[in-house]
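Values in this text are rule-based calculations from the coordinates and carry no lab data. All values derive from a computational prediction rather than experimental measurement. Note that we place each Cβ from the backbone using ideal geometry, even for glycine, and neighbour counts take in every protein chain shown.
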Amino acid sequence: MTVLLREAIGDRLRHARTTQRRTLREVSRTARVSLGYLSEVERGRKEASSELLAAICEALDLPLSELLHHVASDIGAVSKTPDTVPDTAAAGKIEGGRVLPSMISDDLSDLRLQPVLSHRLSTSIDQTAKAVVAA
């Protein structure tokens, strides 16, 4: 599964803004970015320049380095999860409706289903938000 950097950045920016209970209009004014363009960036439709990201982060009181760190973690978490069935199963090494013992291991983590990025991000973001609220 390919994760687009602009989508991951947009998800994190929107999360930061909504966590602060701020509107697109407020942030766009403070960052001196058009409301429509900010909306496109948050939805992952536009790829923001480094200058624009810096302005948006400053408007959100969010260090750019922190944003990029979280985005890298999000992308890394998704890219480490396999998105296909192990090759041995796909190659048809199944006998009599049972999986061959060579396919079974003590660690079944490689058999997990790949969740959608937005679900993973929203779960991660929700957990972060709960931790912030609890603190």
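The ranking of ILE75, ILE9, ILE56 by Cβ neighbour count inside 10 Å, starting from the fewest, reads ILE75, ILE9, ILE56.
For segment 6-57, what mean projected area does the convex hull of the alpha carbons give, in nm²? Can you show the working numbers first?
Numbers: hull surface 11.5 nm².
Seen from a random direction, the Cα hull of segment 6-57 projects 2.9 nm² on average.
Among 43-51, 13-21, what's the highest-first ranking by average C-beta atoms within 10 angstrom per residue?
On the way: 43-51: 13.2, 13-21: 17.1.
Sorting 43-51, 13-21 by mean packing, highest first, produces 13-21, 43-51.
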